[in-house]
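Structure first, then comments.
The values are calculated or read from the model by the stated rules, or taken from the named source; none is laboratory data. Keep in mind it's a predicted model, so treat the numbers as computed, not measured. For neighbour counting, all protein chains shown are included, and Cβ atoms are generated from backbone atoms with ideal geometry for every residue, glycine included.
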Amino acid sequence: MKNIPINQTILATLAFSLSNWRKLLEACIFPILMCLPLVTVLPELMDIINSTYNPKVMLENDVNFPLIYLLMFIYATLALLMNLYRIVVSGNNSISKLGIVIPNLRLGRFLLLSIPLVMGQIISLFIPFLFPIVYLLLIPVSLNLISIANDVPYKSIQVSFRSRLNIFIINFIAPFLFITLLGLIGNSYLDFILTFFSIFWTSISLALCYAVIMANNSTQSH
């Protein structure tokens with residue numbers, strides 16, 4: 001694997017999103033339905049988080065937040081990512097109608113491999129300057145999530161530092177700059193839309209990078 005083209009991948013992400021927007025929206029139906037219970041208590045939870053950053057005080061507040069809501073949200077997030085990865089790599093016919101994802105071995109493996117990524121994000125929250133380092137180190141793990149979503153057996157994916165850096169620019173820097181510019185408007189509804197934009201952009205662009213890496217590795221092996 002020599003490199004990941006930045007400009008071409010950014011344009012390919014935009015082109016793919018525009019040409020497959022109906023299927024991408026369909027992939028969201030089931031995950032959104034799974035998140036609805038959490039939405040009912042989210043305003044109350046956000047009020048408490050915004051009112052105090054003291055964990056002890058937050059725990060003392062009476063929030064109607066059943067654990068099942070959180071589990072459903074995690075399930076919805078995994079389902080959405082798997083659907084997006086499958087659409088990009090395996091085509092529009094690779095996901096179930098309405099984006100339904102039934103619990104199976106693939107989902108379990110996807111969840112287990114997601115844990116290092118979640119831990120890395122948690123570390124980055126407490127030590128922000130480590131984010132780029134953690135992100136670059138975990139890129140092979142992220143790429144293997146795409147393999148699992150598409151039923152490809154686990155295999156160590158070799159990615160050069162230059163390719164990792166380009167993936168970081170495509171997958172984080174580009175949408176971050178875009179969101180920052182639009183965020184200057186300061187509209188709460190826009191923030192909600194930008195959150196979805198970030199999820200779709202990172203998922204589609206990373207899956208396209210994965211496809212390029214796999215195609216190059218396949219060419220080199222022959």
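Could you please let me know if Val134 is out of contact with any strand residue (DSSP E or B) (no Cβ under 6 Å at 6 or more places or on another chain), surrounded by 14 or more Cβ atoms within 10 Å (Cβ to Cβ) and at pLDDT 90 or above?
On the way: out of contact with any strand residue (DSSP E or B) (no Cβ under 6 Å at 6 or more places or on another chain): yes; surrounded by 14 or more Cβ atoms within 10 Å (Cβ to Cβ): yes; at pLDDT 90 or above: yes.
Against the criterion (out of contact with any strand residue (DSSP E or B) (no Cβ under 6 Å at 6 or more places or on another chain), surrounded by 14 or more Cβ atoms within 10 Å (Cβ to Cβ) and at pLDDT 90 or above), Val134 qualifies.
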The condition of being modelled with pLDDT of 95 or more, surrounded by 14 or more Cβ atoms within 10 Å (Cβ to Cβ), among the β-branched types (Val, Ile, Thr) and in contact with a helix residue (DSSP H, G or I) (Cβ under 8 Å, 6 or more places away or on another chain) holds, among Ile157, Ile146, only for Ile146
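From the set of residues in segment 1-60 that are among the basic types (Lys, Arg) and either more than 30 Å from Leu177 (Cα to Cα) or not in a helix (DSSP H, G or I) (or both), which is modelled with the lowest pLDDT? Step through it out loud before you land on a result.
Initially, segment 1-60 is screened for residues among the basic types (Lys, Arg), giving 2, 22-23, 56.
Checking the rest, the ones that are also either more than 30 Å from Leu177 (Cα to Cα) or not in a helix (DSSP H, G or I) (or both) come to 2, 56.
Details: Lys2: 57, Lys56: 49.
Once the filter is applied, the top-ranked residue is Lys56.
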Residues of segment 144-161 being within 25 Å of Ile100 (Cβ to Cβ) and of a type outside the set (Ser, Thr, Tyr), which ones?
-> Asn144, Leu145, Ile146, Ile148, Ala149, Asn150, Asp151, Val152, Pro153
Segment 84-103 residues that are loosely packed, with under 15 Cβ neighbours inside 10 Å, paired with ones that are part of a loop (DSSP other than H, G, I, E, B) and among the small types (Gly, Ala, Ser) (beta carbon under 9 Å, 6 or more apart) | Ile102/Ser96
